[in-house]
């Protein structure tokens, strides 16, 4: 029995959900990685449930969460590209992000544009 569900057992809840057109199934997974603009969210040993509601799928994920920061460009690199290519700080940072931190390529791109 699930607490707070007034005595309903999980089988009855699943039967009710199926009547409403909601299906769920467990997905075996070792790791889930969510990539964002600011880095990665990594979920180890996840419990993943796929929920299919009238053709729309959604996923519920629980587990051990950790984060990896990404796309952080050192200030010295931004200054070097900005001064070498005679461009703004913002443009230098954008170019470094584009080139995944490659200073020489960022300067080269800045001079081409």
Inset, instruction - Test residue 67 against the criterion of being loosely packed, with under 10 Cβ neighbours inside 10 Å, at pLDDT below 95, more than 15 Å from residue 106 (Cβ to Cβ) and touching a strand residue (DSSP E or B) at 6+ places or on another chain (Cβ under 8 Å), and give yes or no. - result: no
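Just need a number here: residues in segment 18-41 that are in a helix (DSSP H, G or I) and touching a strand residue (DSSP E or B) at 6+ places or on another chain (Cβ under 7 Å). Outline the logic, then answer.
From segment 18-41, those in a helix (DSSP H, G or I) are 18-19; that's our starting set.
This time we only want the ones that are touching a strand residue (DSSP E or B) at 6+ places or on another chain (Cβ under 7 Å), so: none.
The number of residues fulfilling the criteria is 0.
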Legend entry - Answer residue from segment 15-41, given it is under 26 Å from residue 73 (Cα atoms) and modelled with pLDDT of 90 or more and is surrounded by the most Cβ atoms within 10 Å (Cβ to Cβ) among those: 32
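Scan segment 55-78 for residues that are more than 19 Å from the chain's Cα centre (by Cα) and in a strand (DSSP E or B) and jot them down. I'd like the intermediate steps shown before the answer.
Looking only at segment 55-78, we keep the residues that are more than 19 Å from the chain's Cα centre (by Cα), and these are 55-56, 73-78.
Within segment 55-78, 56 is the sole residue that qualifies.
Of all residues in segment 80-105, which are in a helix (DSSP H, G or I) and exposed (fewer than 13 other Cβ atoms within 10 Å of the Cβ)? Before you say what the answer is, go through the steps one by one.
First, the residues of segment 80-105 that are in a helix (DSSP H, G or I): 80-84, 89-98, 103-105.
Scanning segment 80-105 gives 83, 90, 98, 104.
The values are calculated or read from the model by the stated rules, or taken from the named source; none is laboratory data. It should be emphasised that the depicted structure is a prediction, and the values quoted were computed from it without experimental measurement. Because the Cβ atoms are built from the backbone with ideal geometry, glycine has one as well, and the counts that use them run over all protein chains shown.
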